[in-house]
Each structure stands twice: as structure tokens, then as C-alpha cells.
Amino acid sequence: MRLTLLASALLLGACSQIPPQQTGIDESRFRADIKELASDRYQGRQPTTEGETLTLAFLEKQFRAMGLEPGNGDSYLQPVPMVTYTTKPGTELSLGGQSLSLPDQAVLNSFHDTPSQTLSNSDIVFVGYGIDAPEYGWNDYQGLDVTGKTVLILVNDPGFATGDPIHFKGNTMTYYGRWDYKFAEAGRKGAAAALIIHDTEPASYPWSVVANSWTGPQLDLAGSTDPHPMMEGWIQKEVADRLLAAEGKNLDALTARAARTPGNLSLNARADARLNQTVEYATSHNVVAKLTGSERPDEVVSYTAHWDHLGSDGETIYNGALDNATGVAGILEIARQFAMAPRPPQRSVQFIAVTGEEQGLLGSRYYVANPTESLKKTAGVFNLDSTNVYGAVKEFTVVGLGQSQLDDYLGTAAAGQQRVLAPERSPEAGGFFRSDHFSFVKEGVPAVFAGGGATPKSDALAQYRTEMRTEMKGCYHNACDIYREHWNLSGALEDIEVFYRAGSALANSDHWPGFNQGSEFHSLRPAS
């Protein structure tokens, strides 16, 4: 992608206002913030718990000490009304007469405000990828009435299964491959229950992530009008294999066909389920701090990171050190750079530590529906999620590279470190839809999620990277995501500098980045 000559000149001019070497980023301070937020004291930072109370107090103290202003009127806190659904022990799910063990073979929840739900003798329908996408000429629900029925849905989308770059988006997941779309579409179609068939490769995570994420308290925005089936959950692939084999069908063959052409298949099997739950309303909070711009204070550049993680089940604490204490510590360090700068930026800069990301981007979704700064006046958003603890690298990875002109700001900043922009290595994982920047993107605000890379800057770092990846394998959304004193944070520190320089350039320009031609969001704010 290219900036216009005018935009390029503005960008270079803005960059020239930043000192050529940034020396204020402090590893010991960054490391201390990660260690603190990921300590057992915060009990895994689950929203609406004591862990939240402690986290909010820590973040407010940090922003106040920097001299940043409250970002929500006279408060640093933006209340986010939430509802918590907690499935009680004894939940039952049976498919085709096969009683399933929860959470070993399945997980099941309800996001309806009733204490109990029952599914009795519900027809089961295999609906392929569960997609209704007119722009792709694709409807897995064509000619089908699923009212009161249970739908079985494949994970990811047809492009991943075929590998064809012109089929959907090939290996790059579209939003139609996301679990939240699939459940919502099933709800819109009137299904009583929706079950996604887990498969590790297209899901990009093992069953343990599903079991840890979908058991225990489940949060949603209070008053949300999102369509939900009466029950929704996941089943192991082996369960679906046996269910279909009992009817003389083969799941792999059905998957191959579903990837080539939309369609559905009604089964003879029936679904039965019984679920009891508690429903509790509470308020969580985003933390918002602001540095007012010197020339155009009504225009804003934003940094985001989610402070929440999975909490504790009473025995195990899910500390969430990498995900996302590192990201929160990152925006704190960036905020300090702006606060310590010799003069304020021309545009305002705000820092939003959002709640409820792990439960479906809840805090960022609430913010864009109730912004403290006009979204039309928001020039761009830089999102930090799980920063690089694997050592300095030669690239700067942009998830969804090419979506918007924010890439140009990151590219200029990265070039100062002799680094180049690179796309994510696993676009099939749908990372562009899985972090808080996406809430802004859907509202037409260019937002970027980036960091890290694949090529270590030295042989020693390559060896460290291999050892650390082995040590942390399987730690995503698991109890082993803890702070490690031996983390090499050189890569994270370089990324923080890139984010700071890119945001500074944007905050000191009058350029309005837009979405590039070819982005599905181009029409919302076209690139200049």
C-alpha cells in the first residue's frame, strides 16, 4: 500500500518531531508492572471479582502518578454493566443417545436470563460451517428451518479447508470463521442449541483452551441484544465422528464437501440437555486515561490493552502473565513516554485498559457503543495483546497486514530499528478478529494489532527462543501462563518503542488514516 505524496510528507514531518533515539523506555519498570499484575494477589484478574478491584486501583495509581487526566469526565473508570452466567454442576448433554462427559467431551452454556434450560428430543442438523454470506454466494442454512433444532457446526471457514486463495480468503480466516459469528447466526436462524465441532488445527488451539475458557463464570454485556441460541457450546471431534458414523456418515467426507459447497444434512439423532445456572448482574470497568493535545484536543489517538484474564477456580489461578499483563504493562510504559515528553502532542492521546476481552471483547465493545471520545474524531487505535517475550526479532508482525494506513506509521517506526513489517504466520487462526482493536474496526476506526516476529536477531536469541517456546507450549489460557524472571524482554521493548513512535507520528500530524482498497472495511473510512 502507498500513502499519497502529501500524506507521506506529513508522516515524515511528524516523525521528525520525535527524538532520533528513544531512551526513556525502562525495562525494570516494564518488568515490574508485568510481575505485579500477574502475581497471585490479583487472582487471575477476572472481571467483577476482588481481582478486578485490585487491578483497577493499580492502574489508576499508575496513570495518576504520570500526571494523565481521567478519561471519563472526572473519573479514570468507565462502568461496564455485565451479567455473569455460571453453569451449575450436573449439566447433562446427550447426542443420539450418547451421554457426554463435561468438560472432557463437551462444554455447554446458556446466555439467557433464566435459571434453568431444558432441551428435549431436539432434531440434530449438520450445517457445515454455519455460514450465511451473501457476498460469497454462500448459505449453509438454505432451505432449512432450524427452529427448535440443534445445529452442529464446523470450526473456521471453507477457505481454510480448501487452501484455495480465492475461496473466501483462503488460509486467512474471515469473520465467518469465528465462533461468536457462528453462535450468533444460529441464534438468528432460531436454533435451540448450537454446538461447534472442535478440531485443533482449524481452531488453532487445543481442547484444553475450550475447556478452560468455556467452564466457570461466563460474562456478557448486560442488556446485550446479541442473538443467542438457548444453549451453545463445543464438542470434541471424536464425539461428532461417532455420532455421524452411527448413521453411516463420515465426518471427514462431510467436511470436505462442506468446504466446496454450502449445504446441510438432517440426522436421525436427537439431542437432549439439562442445564441449571446462576445469573448475576454486576459492574466491571474500563480504565481510561488521557493526555490532552496542544493544537487539536478534540482529535485523539488511542492505545488499548485488556487487563482481564480467566481468574481462579478456587484451586488454580490463571495469572495471565503473557496474556495480557504484558500488554497492559506495555501501554503503561507508552503512556509514561508521552507524559515525560518535552511537549504534549498536537492531538490528544488516550489509554484504555479494557475489561472482558477474554469473554468476547466486552469492554471494547461497550466502549465503542459509549465512547468517551468521538469515534469520528479518533484518528487510529494501537492495540497491545501478548507482547513479545521471545527476544528481539528482525520483523514487526502486523495481524491483518494491509487493512489500513496505520501500517505505514508502524513501518516507518520499525524501519528505525532496521525491521520490516510482516504478516502473521497463521492467518487461519483469525487473530484479526480476536482482540480489542476489532471492536473499533467494525465501527470504521482504523485499528491495528501487532508485535513480535519470526527471525531472531542473533544465534543466541534463536536458541533462547526455541527453549522458551518449548517451556511455554500449551500455556495459552492455562495455569502455566505465569511471569518468568528469565524472560528476555528485548523484543517487547523494541515493540513498545515502535508503538510509541507510530502513535507519536499520528498524534503530531493532521492526516486521517483510512482502510485500504481491498479491505472489507474500506467503505467505512476509505484510505486517503
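The values are calculated or read from the model by the stated rules, or taken from the named source; none is laboratory data. Just so it is clear, the model here is predicted, and its values are computed rather than measured. A quick note on method: Cβ atoms are made from the backbone with ideal geometry, for glycine too, and the neighbour counts reach across all protein chains shown. Accessible surface areas use protein heavy atoms only, side chains included; no ligands, DNA or RNA. Shrake-Rupley method; radii C 1.70, N 1.55, O 1.52, S 1.80 Å.
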Find all pairs meeting these conditions: Cβ atoms under 6 angstrom apart; at least six residues apart or on different chains; first residue within region 501-528 and on the phi < 0 side of the Ramachandran plot; second residue of a type in the set (Lys, Arg) and open to solvent by less than 20 Å² (accessible area, probe 1.4 Å). Ala507/Arg347
Are any residues in region 248-275 acidic (Asp, Glu) and free of Cβ contacts under 8 Å to residues at least 60 places away in the same chain, and if so, which ones? Asp252
Test: residue in region 269-282 that is within 29 Å of the chain's Cα centre (by Cα) and open to solvent by less than 10 Å² (accessible area, probe 1.4 Å): yes
Given Thr412, Thr355, Thr387, which one is among the polar types (S, T, N, Q), more than 12 Å from Gly451 (Cβ to Cβ) and open to solvent by less than 20 Å² (accessible area, probe 1.4 Å)? Thr355
Among the residues of region 191-206, write down those that are under 24 Å from Ala273 (Cα atoms), outside any strand (DSSP E or B) and not small (Gly, Ala, Ser). Asp199
Answer yes or no: is there a residue in region 424-444 that is of a type in the set (Val, Ile, Thr), touching a Leu at 6+ places or on another chain (Cβ under 9 Å) and within 21 Å of Ile496 (Cβ to Cβ). no
Got at least one residue in region 293-300 being at pLDDT below 95 and either in contact with a Cys (Cβ under 6 Å, 6 or more places away or on another chain) or hydrophobic (A, V, I, L, M, F, W, C) (or both)? no
So for region 440-460 (the condition being touching a His at 6+ places or on another chain (Cβ under 6 Å), closer than 29 Å to Tyr367 by Cα and open to solvent by 10 Å² or more (accessible area, probe 1.4 Å)), does at least one residue qualify? yes
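Conditions (1) more than 22 Å from Glu201 (Cα to Cα); (2) in contact with a His (Cβ under 6 Å, 6 or more places away or on another chain); (3) of a type in the set (S, T, N, Q), marked per residue:
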residue	(1), (2), (3)
Val239	no, no, no
Leu251	no, no, no
Thr278	yes, no, yes
Ser284	yes, no, yes
Ala289	yes, no, no
Pro297	yes, no, no
Asp308	yes, no, no
Residues being open to solvent by 50 Å² or more (accessible area, probe 1.4 Å) and either among the hydroxyl-bearing types (Ser, Thr, Tyr) or out of contact with any strand residue (DSSP E or B) (no Cβ under 7 Å at 6 or more places or on another chain) (or both): count how many of those fall in region 64-75. 5
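Taking the residues in region 342-373 that are among the polar types (S, T, N, Q) and touching a strand residue (DSSP E or B) at 6+ places or on another chain (Cβ under 7 Å) as candidates, determine which candidate is farthest from Val441 (Cα to Cα). Before the answer, list the steps.
Restricting attention to region 342-373, the residues satisfying the condition of being among the polar types (S, T, N, Q) are 346, 348, 350, 355, 359, 364, 370, 372.
When the remaining residues are screened for being touching a strand residue (DSSP E or B) at 6+ places or on another chain (Cβ under 7 Å), the result is 346, 348, 350, 355, 359, 364, 372.
On the way: Gln346: 24, Ser348: 20, Gln350: 17, Thr355: 18, Gln359: 18, Ser364: 11, Thr372: 17 Å.
Per the stated criteria, the residue is Gln346.
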Within region 39-57, residues closer than 15 Å to Asn286 by Cα and either under 21 Å from the mean Cα position of the chain (by Cα) or open to solvent by less than 30 Å² (accessible area, probe 1.4 Å) (or both) come out as Arg45, Gln46, Pro47, Thr48, Gly51, Glu52, Thr55, Leu56
Are any of the residues in region 225-235 open to solvent by 30 Å² or more (accessible area, probe 1.4 Å), among the charged types (D, E, K, R), assigned to a strand (DSSP E or B) and closer than 21 Å to Ser94 by Cβ? no
Open to solvent by less than 40 Å² (accessible area, probe 1.4 Å) and either over 25 Å from Ala38 (Cα atoms) or without any contact (Cβ under 8 Å) to a residue 60 or more places away in the chain (or both), is that true of Gln418? no
In this structure, is Val209 at pLDDT below 95 and either part of a helix (DSSP H, G or I) or surrounded by 19 or more Cβ atoms within 10 Å (Cβ to Cβ) (or both)? yes
Could you check region 491-528 and list, in sequence order, the residues that are closer than 26 Å to His309 by Cβ and open to solvent by 40 Å² or more (accessible area, probe 1.4 Å)? Glu494
Collect the residues in region 76-118 that are open to solvent by less than 50 Å² (accessible area, probe 1.4 Å), among the hydrophobic types (A, V, I, L, M, F, W, C) and not in a strand (DSSP E or B), keeping them in residue-number order. Leu100, Phe111
